[in-house]
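To start, the structure itself, in structure tokens.
The values are calculated or read from the model by the stated rules, or taken from the named source; none is laboratory data. All values reported here derive from a predicted model rather than from experimental measurement. With ideal geometry, Cβ positions are generated from the backbone for all residues, glycine too; neighbour counts draw on all protein chains shown.
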């Protein structure tokens, strides 16, 4: 017997002698009942609506002498014209870097940096935003900058040119990363290539953006009746309300915004392929339309997502990665958004040589949702995971304020979060399996594979007919053959 083997046997024998009841103790620990979570009732921000329609949310937090604020402005990249895709991204940058009518962006930088303060602007799909962060003692001076940028941006041409070049640089790297290609084209398959949530800026659309476009956008959207303002930090809410009323209440209302007219035109079910020859792995996305969060099924879908493909204990992870070893990463969910439909998406990252095998495996797991329904134990574990993580999403006044601003922005009830928790608790196993069969249909999904087909274990065509998507140059929109 080798010396190393004797050592292992000796250690095992010593452990057995020293800890004879380890197995029994483990069983005992597993039997300890887990008490229910304490009721979670976070303090809600104070809500104020000014006469001009601006909504203000105030959250006091005296832990540190800091004040932070954000103004959400309705209107984002999904509202921009297709021929000028990228306009709102550029606007979100030049709004701040372009300075105001009295100060350049560089002068604002110097002023703020001397006070370790920030005033920043940003673009989103449904909104644009301007934020501030500063010490309590500097708030009045920084708030003046905030108001000036909000109401009097200059959009200086030199900063517009810098933003445009930055966009060109981003576009030039569109095809560098396999996951970026897959996500961009999967959105087109799920939503439709003409859907504003699936569009990507191209060189031609960026070049079409002018300074007057930025001015026109600002004049169209930045009005008090279109803004939700949130302030959190070390202040007295009554005094802050008085200050904000004095500053903003005389600001006249602007025009009402048009209703959204977003259309969804999902691609036909089937297999789609994008060739990328410089990789040794494949990115697989199986996609369709998801739901909106105000859907009555949302909480049941949330529990299903967690059980099916939401984490290390999910069915997909346990089967595809742990048992079969076929994926670097795997996940799946019926996606949702507050303001528009989400994407139903199952994602696989696998080696080129296991592409078809992994795709067959995940297809089997989708079918097994009907053949072997989600169990009571899976539902309990999923609900516990969702509820236990909830506290970490709301463990500060800033996070609570952010949640409330989201509900306000999308016109959800103020108690949506409270109801969310209680509705998650009420979800049953029957509910989970009902929504699984309602929303997850393999024969209605588009399967996108990005990779090097020369190294696939089998031709992708063995699974069915394949439509190739040309991976076009960054200056042109992608095209489906």
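Structure values in brief
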{"read-out": "Sole residue being touching a helix residue (DSSP H, G or I) at 6+ places or on another chain (Cβ under 8 Å), part of a helix (DSSP H, G or I) and under 17 Å from residue 130 (Cβ atoms), chosen from 244, 214", "value": "214"}
{"read-out": "Positions within region 384-398 being over 21 Å from residue 310 (Cβ atoms) and either surrounded by fewer than 18 Cβ atoms within 10 Å (Cβ to Cβ) or at pLDDT 95 or above (or both), in sequence order", "value": "396, 398"}
{"read-out": "Only listed residue being without any contact (Cβ under 8 Å) to a residue 60 or more places away in the chain, part of a loop (DSSP other than H, G, I, E, B) and either in the same structural domain as residue 467 (by TED's automatic domain parsing) or surrounded by fewer than 23 Cβ atoms within 10 Å (Cβ to Cβ) (or both), chosen from 295, 318", "value": "295"}
{"read-out": "Candidates 63, 93 - the one that is in a loop (DSSP other than H, G, I, E, B) and assigned by TED's automatic domain parsing to the domain that holds residue 194", "value": "63"}
{"read-out": "Subset of region 252-273 (residues that are under 19 Å from residue 199 (Cα atoms) and either in a loop (DSSP other than H, G, I, E, B) or at pLDDT below 95 (or both))", "value": "260, 261, 262, 263, 264, 265, 266, 267, 268"}
{"read-out": "Residue list for region 386-402, restricted to those being under 22 Å from residue 66 (Cα atoms) and out of contact with any helix residue (DSSP H, G or I) (no Cβ under 6 Å at 6 or more places or on another chain)", "value": "392, 393, 395, 396, 397, 398, 399, 400, 401, 402"}
{"read-out": "Cross-chain or 6+ apart pairs with Cβ under 6 Å, region 384-406 first and in contact (Cβ under 8 Å) with a residue 24 or more places away in the chain, then part of a helix (DSSP H, G or I)", "value": "385/306; 386/306; 386/424; 394/400"}
{"read-out": "Some residue of region 420-439 being modelled with pLDDT of 95 or more, in contact with a strand residue (DSSP E or B) (Cβ under 7 Å, 6 or more places away or on another chain) and within 22 Å of residue 287 (Cβ to Cβ)", "value": "yes"}
{"read-out": "Residue, surrounded by the fewest Cβ atoms within 10 Å (Cβ to Cβ), within region 332-360, restricted to residues that are over 14 Å from the mean Cα position of the chain (by Cα) and under 20 Å from residue 444 (Cα atoms)", "value": "360"}
{"read-out": "From the options 155, 139, 143, residue that is more than 27 Å from the chain's Cα centre (by Cα), surrounded by 18 or more Cβ atoms within 10 Å (Cβ to Cβ) and assigned to a loop (DSSP other than H, G, I, E, B)", "value": "155"}
{"read-out": "Test result for residue 131, at pLDDT 95 or above, surrounded by fewer than 19 Cβ atoms within 10 Å (Cβ to Cβ), under 30 Å from residue 259 (Cβ atoms) and touching a strand residue (DSSP E or B) at 6+ places or on another chain (Cβ under 7 Å)", "value": "yes"}
{"read-out": "Residue in region 202-211 that is touching a strand residue (DSSP E or B) at 6+ places or on another chain (Cβ under 9 Å) and surrounded by fewer than 21 Cβ atoms within 10 Å (Cβ to Cβ) present", "value": "no"}
{"read-out": "Count - residues of region 74-102 that are within 19 Å of residue 231 (Cα to Cα) and buried (at least 23 other Cβ atoms within 10 Å of the Cβ)", "value": "0"}
{"read-out": "Residue within region 98-106 that is more than 17 Å from residue 200 (Cβ to Cβ) and in a helix (DSSP H, G or I) present", "value": "yes"}
{"read-out": "From the options 114, 82, residue that is under 29 Å from the mean Cα position of the chain (by Cα) and farther than 19 Å from residue 223 by Cα", "value": "82"}
{"read-out": "Any chance residue 277 is under 27 Å from residue 343 (Cα atoms), assigned by TED's automatic domain parsing to the domain that holds residue 455 and part of a loop (DSSP other than H, G, I, E, B)", "value": "no"}
{"read-out": "Complete set of residues in region 124-133 that are over 10 Å from residue 72 (Cα atoms) and part of a strand (DSSP E or B)", "value": "132, 133"}
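Matching residues to (1) in contact (Cβ under 8 Å) with a residue 40 or more places away in the chain; (2) in the same structural domain as residue 67 (by TED's automatic domain parsing); (3) in contact with a helix residue (DSSP H, G or I) (Cβ under 9 Å, 6 or more places away or on another chain):
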{"residue": "135", "(1), (2), (3)": "yes, yes, yes"}
{"residue": "142", "(1), (2), (3)": "no, yes, yes"}
{"residue": "147", "(1), (2), (3)": "yes, yes, yes"}
{"residue": "155", "(1), (2), (3)": "yes, yes, yes"}
{"residue": "161", "(1), (2), (3)": "no, yes, no"}
